[in-house]
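Enquirer: Just passing along the structure, written as structure tokens.
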């Protein structure tokens, strides 16, 4: 699979409210091209995000939109419904190594992605004993289906189907064979976590969601059919899968500065606060915020307050669309971040208007919208 990196032309995002001049967003010329959009509900976060995403899409950049509230439909970008029962169109197969990742990282690299995905279902990290048992069980499932390091040059790995219910059944077998109560406790903890996944149809559906297809063509992932408690986890799992495949392609070739950095994919996350694990150092969104530019991955994060985005993410996002907020506390945080005087954010601004910060420049702006 080859994903061509795309240069993004300037995007006219609005008008400078003070001078009347047009304002441009230059993703490729920014330090990393990441965007955060903050503001209270109803102030226009979704419509500003749609406007930018539509221009990225028109520039041929694959755009993958995680839509939690059915607000981000864009003409030309297909919609895939993720969810339980009849509402779900496809399955997420995080237990299956993709051929490219298998070729580059080997089974060990693919294994760590699967382990991290399962670990993220709980509030506590897995213990070393649990992780070792989990790795062994997943490897055994792969061996049973003929997935080995040598499968990297054939479609065999991609054709196999491994579901959480398969893993649960194997763990139950292993538990019955366990000789000590300590071993049985380890299996019980793992089975409880895997049961959560096996009960959600999105991981058991017959039709797998192809990561290479998302990277080739983009899509809007409609998330409302997923139980609210699992939406953030599902989004993190998919982002992990996408980023692993992108990282397997290696860094993008650097372009001259005047041409700008290219993008292989742009990820748009509505309600980003529900996806970011604030206290987790290894959260995939934090990783992409820090390292995504090297691999051509752009982030657009929409959240009602800065507090929903971690400090690490905020520190590594160089473009900020600040819309009015009803929270005086958050308004002050945004004002301090942008170097504005107290009360400036909500003074003379309304829907689709606020402040635009790119690099060290800050403008009072009226934003275009769809």
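Enquirer: Which value in deg cm²/dmol, rounded to the nearest 500, describes the helix-derived mean residue ellipticity at 222 nm for the chain, given -39,500 (n - 2.57) per DSSP H run of n ≥ 4 and division by the residue count?
Expert: That calculation yields -12500 deg cm²/dmol at 222 nm.
Enquirer: Also, I was wondering about something else. How do 329, 60, 364 line up, fewest other C-beta atoms within 10 Å first?
Expert: So the residues, fewest neighbours to most, are 329, 60, 364.
Enquirer: With no solvent and one equal point scatterer placed on each C-alpha of region 99-203, evaluate the Debye formula and give log10 I(q)/I(0) for q = 0.09, 0.10, 0.14, 0.19 Å⁻¹, two decimals.
Expert: -0.23, -0.29, -0.56, -0.99
Enquirer: At a Förster distance of 30 Å, what's the computed FRET efficiency of residue 307 paired with residue 58, Cβ-Cβ distance as r, to 0.05?
Expert: Step by step, r from the Cβ atoms, then E = 0.35.
Enquirer: By DSSP, what percent of the beta bridges with both residues in the chain are antiparallel, rounded to the nearest 5?
Expert: Beta bridges within the chain, antiparallel portion: roughly 40 percent.
Enquirer: Same structure, new question: Using a 10 Å cut-off on Cβ atoms, rank the peptides 209-217, 168-176 from the highest mean neighbour count down.
Expert: With the highest mean Cβ count within 10 Å placed first, the list reads 209-217, 168-176.
Enquirer: Any idea how far the Cα center of region 298-313 sits from the one of region 199-221, in Å?
Expert: 25
Enquirer: Then there is this: Would you mind ranking 34, 320 so that the residue whose beta carbon has the fewest other beta carbons within 10 Å leads the list?
Expert: Ascending Cβ contact count within 10 Å gives the list 320, 34.
Enquirer: Relative to the present Cα-Cα distance, how much length would full extension add between residue 7 and residue 360 at 0.36 nm per residue of separation?
Expert: Once the chain is fully extended between residue 7 and residue 360, it gains 124.8 nm.
Enquirer: Starting from the Cα-Cα distance between residue 229 and residue 206, subtract it from 0.36 nm times their residue separation and give me the gain in nm to one decimal.
Expert: Length difference between fully extended and current span is 6.0 nm.
Enquirer: While we're looking at this one, here's another question. Between residue 199 and residue 112, what FRET efficiency follows from the Cβ-Cβ distance if R0 is 22 Å, with the result rounded to 0.05?
Expert: 0.35
Enquirer: Using the alpha-carbon atoms, what tilt in degrees (0 to 90, nearest 10) does helix 328-338 show relative to the longest principal axis of the chain?
Expert: The two axes meet at around 80 degrees.
Enquirer: Find the centroid of the Cα atoms in region 76-133 and in region 171-190, then give the distance between the two in whole Å.
Expert: 23
Enquirer: Please order 36, 140 by the number of other Cβ within 10 Å, starting at the fewest.
Expert: Sorted ascending by nearby Cβ count, the order is 140, 36.
Enquirer: Here is a follow-up. State, to one decimal in nm, how far the label point of residue 47 lies from the label point of residue 341, with both points 7 Å from Cα in the Cβ direction.
Expert: With each label placed 7 Å out from Cα toward Cβ, I get 3.0 nm.
Enquirer: Candidates (1) 39, 22, 18; (2) 47, 24, 19; (3) 32, 26, 20; which is the computed semi-axes √(5λ) of the Cα gyration tensor in Å?
Expert: After the calculation, the listed value that fits is (1).
Enquirer: Here is a follow-up. Working from Cα positions, state the angle (0 to 90°, nearest 10) between the long axis of helix 99-119 and the longest principal axis of the chain.
Expert: Helix 99-119 and the main axis of the chain meet at about 90 degrees.
Enquirer: Mind checking the angle between helix 284-295 and the chain's longest principal axis? C-alpha axes, 0 to 90 degrees, to the nearest 10.
Expert: It works out to around 70 degrees.
Enquirer: Any chance you could run the full-extension gain for residue 69 through residue 123? It's 0.36 nm times the residue separation minus the Cα-Cα distance, nm to one decimal.
Expert: 17.0 nm
Read the figures in this text as sums done on the coordinates, not as results from a lab. From a predicted model like this one, the values you see are computed outputs, not experimental measurements. Note that each Cβ is placed from the backbone with ideal geometry, even for glycine, and that neighbours are counted across all protein chains shown.
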